[in-house]
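To keep things clear, I will list the structure first and then write my remarks on it.
The numbers here are math on the coordinates, done by the rules we state, and not lab data. Note that the structure is a prediction, hence the values are computed from the model and not measured. Here the Cβ is made from the backbone with ideal geometry for all residues, glycine too, and neighbour counts use every protein chain on show.
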Amino acid sequence: MVRELLENPTPDDLASFLDEHLRAGDELVQVAGACEVLYAGRAASVAEAGDYVVIVKADGSVQVQGPRGVKPVNWQPQTDEVRVAVEDGRAVLVAERYNPAELVRVSFETPALAVALRLEENGNFVLMGSEAEMQRALARDPDVIEPGLTVIDLELPTDVGGIDLFARDSHGRLVVVELKRGKANHEAVHQLDRYVQSVRARYPGEVRGVLAAPAVTAPALNRLGALGLEYREVTALPGLGDEAAKQPGLFG
């Protein structure tokens, strides 16, 4: 499982480590330590220098985790290019997506630990609860999918079926969300694309398409990128346990 581990690497050593293991294409890489994070794309944000764990998965997705909470400080679920360099005495990792244009730049100030892992897939992860429960849970808390997302309608009818979640993002753009409890495949991408095309024919302005699932196959992720659609990893349903606890028991 562990391919290589470095403690307190120099900038050159960390850059070489990242370049080697990211090129392998089948490893998960983590770097823990003080760093700065810059995001540019649909919005712009900067995470001030602090201690973070940076995770780059084999599919190129990137997460920057802080010391608390489930949600990453920043993330890039789809990337077209991940590159590494040494700039001004620091190792720098850049994860870039071309369409839409998005970029996450991590500058490692004082890296404490770098580890490369090869994880075997042990089957599909399926969220607890039905897809209807998943739909209701995410409608109550759409920030799990994307911060600033506002749900407009559930099961919005179209000429190709009902849209799971019809929403608007923080910039006012319409968002079509397709939900899957298990690992999403090429058929889920095809279904989302049909919904997006139907909505674009009915409503003016930009329409985004988002596939929300606990996992996605590599071919499906590549197809999403080619179609200009997006993937959001959802591994927990907010409030589902609370909702179940409120259901009346058999004897009152």
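Computed values, structure above
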| read-out | value |
| --- | --- |
| Residue 12 paired with residue 133, simple spin-label distance in nm, labels 7 Å along Cα-to-beta-carbon | 5.6 nm |
| Cβ-derived FRET efficiency at R0 25 Å, residue 38 paired with residue 117, nearest 0.05 | 0.45 |
| Folded to 0 to 90 degrees: helix 186-202 orientation relative to the chain principal axis, Cα | 60 degrees |
| Simple spin-label estimate for residue 200 and residue 51 in nanometres, 7 Å along Cα-Cβ | 4.7 nm |
| Residues in the stretch 82-97 that a label on residue 110 would reach, taking backbone N under 20 Å of a point 7 Å out along Cα→Cβ | 87-93 |
| Fraction in percent of alpha-carbon pairs per bin - 5 Å, the stretch 131-243 | 2, 13, 25, 25, 22, 10, 3, 1 |
| Nonlocal amide H pairs with residue 50, under 5 Å, H built at 1.01 Å | 35 |
| Rounded to 10°, Cα long-axis angle of helix 218-227 versus longest principal axis of the chain | 80 degrees |
| Using alpha carbons only: equivalent-ellipsoid semi-axes of the chain, gyration tensor based, whole Å | 34, 21, 17 |
| Inter-label distance for residue 86 and residue 153, nm, one decimal - labels placed 7 Å from Cα along Cα-to-Cβ | 5.8 nm |
| Length gained when the stretch residue 5-residue 171 is fully extended (0.36 nm per residue, less Cα-Cα span) | 55.6 nm |
| Quotient of Cα Rg and 2.2 N^0.38 Å for the stretch 1-94, N being how many residues it contains | 1.05 |
| The chain, relative contact order in percent, only Cα pairs under 8 angstrom and at least six apart counted | 16 percent |
| Dipole magnitude (debye, nearest 20) for the chain, charges at Cβ of Lys, Arg, Asp, Glu | 780 debye |
